[in-house]
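Worksheet: one structure, shown below.
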Amino acid sequence: MAARRQYRGGTVPFPLMAVAFGTVLLSVAGCSGEGAVATAGPPTVAGPSRPGRAAVRAAAEELARAGTARVRTAMEMVSGHTRVTIEGRGAFDLARRTGRLRVTLPPGADGAPPGERRLVRELVTPGALYMRNRAGVPDDKWVRVDTTGLPDGNLVTGGATDPVTAAQLLRGAREVDYEGVTELGGVRVWRYSGVVDIERAAAGAPPLARRQLKAAEKGFSGRTVPFDAYLDEQGRLRKVQHRFTFAADPDSPPDADYAVSSTTALHAFGTRVRITMPGPGDIWTGKIAAP
C-alpha cells in the first residue's frame, strides 16, 4: 500500500470529493487510460534532455515555457468496496498559473437528483479556487476558497489536481525510476515513477506556489506521495498521477483508509486560453445551504 497520509483533525477536507463520496456508493469511470504498454529498460531513443530525476523535477519550468494547454483530470477515491470518480476538462495558462475546469460529479452527488451528474465550473488562480453551480449557492454566484488555508493545499479539494500544482509537487521527486517508453494520444512519452516529498517540493517552489504546498505539508502527517509521470521529448509533462492515502480518523484501522488517485493529463499545447474572472458582486458571501 502507498505511504499512508493522514489529515490532522480527522476531517476529510476536500468538499467536492467529500460530497461525492458521501452520496454515491459506487461510480466507475475511466482515468485517462490511454497509451500502449511501456517498454522497460534503459532509454533506447532520444528523450528529455535532462536525466530522469532532473527532468521530473523540472516539469513545472517546462510547462511554464509551453505557455498554455488543454487539460483532462480524473480523481478516484476508494474506501473498502466504495469507489467514486470525479472527472474534469478545461484549459490553463500555465505561465500565469490560471485556468478553468468543468468538473463532473458522480450521479446523485452534491444535491443532484438520482442518476443525474452535477457539473461544477471552477476557476483556478494562484492562492484561490472559484466554484460555481455548487449545491446551496445561487446559480449566478461563485464561491471563493483561499487555497493557502486548505489542509491539503488544494491538491484534491476541488475534485481535481490542477496541472500547475501537480507539476510543482514534482519538485520534491526522489527515488525516481525509469519505466520505459509509451504513447499518449499518439505522442511518444517517457514514463518515470517514484515518490515526492511535499516539504522538499515546497522548499524548491516559487513564492506563489510555496504557500500552497506548505499548507499541504502542514496538513498531512508523513512526507511522501507516490507518482507516475509521463514526459514528452521536450520535457513537457503530458500526464501525471499522484496517489494519496489517508485516514478519515486517526484511530481508524488500515482498511478504513481513503485512497485518492489523482490523474492530470495535458495536450494541445499553445491553445488559446481566455479566462474571465468574477467581479466582487459575483462572489457569494452568504451561508451555503446543505444539499
(message) Can you classify region 162-209 as rounded, prolate or oblate using the Cα gyration tensor, where a ≥ b ≥ c are the square roots of its eigenvalues, rounded means a/c under 1.5, and otherwise it's prolate if a/b beats b/c and oblate if not?
(response) oblate
(request) Tell me the label-point distance for the pair MET277, ARG65, using the 7 Å Cα-to-Cβ offset, in nm and rounded to one decimal. (result) 2.8 nm
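Report the full-extension gain for the segment GLN234 to ALA128: residue separation times 0.36 nm, less the Cα-Cα distance, to one decimal in nm. Provide the component values of the computation, followed by the final result.
Details: separation 106, 0.36 × 106 = 38.16 nm, distance 3.00 nm.
Here the answer is 35.2 nm.
Pop the C-beta distance of LEU119 and ARG188 into the FRET formula with R0 = 25 Å and round what comes out to the nearest 0.05.
Values: r = 34 Å, r/R0 = 1.35.
Working from the Cβ atoms, E equals 0.15.
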(message) Just to be sure I understand the model, the point goes 7 Å from the Cα along the line to the Cβ. What's the resulting ASP140 to ARG96 distance in nm?
(response) 2.6 nm
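Filter the GluC sites (Glu not before Pro) in region 75-160 to those in DSSP coil with at most 12 other Cβ atoms within 10 Å of their Cβ, and list the result. All intermediate terms of the calculation are to be shown ahead of the outcome.
On the way: sites: GLU76, GLU87, GLU116, GLU122; in loops: GLU116.
For GluC sites (Glu not before Pro) across region 75-160 that sit outside H, G, I, E and B with at most 12 neighbouring Cβ atoms in 10 Å, the list reads GLU116.
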(request) May I ask you to order 164-174, 178-188 by the average number of other C-beta atoms within 10 Å around their residues, highest value first? (result) 164-174, 178-188
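Quick note: the coordinates plus some simple rules give every number you see, no bench work behind them. Everything quoted here is computed from the prediction, not taken from an experiment. Neighbour counts are summed over all protein chains in view; Cβ atoms, including those assigned to glycine, are modelled from backbone coordinates with ideal geometry.
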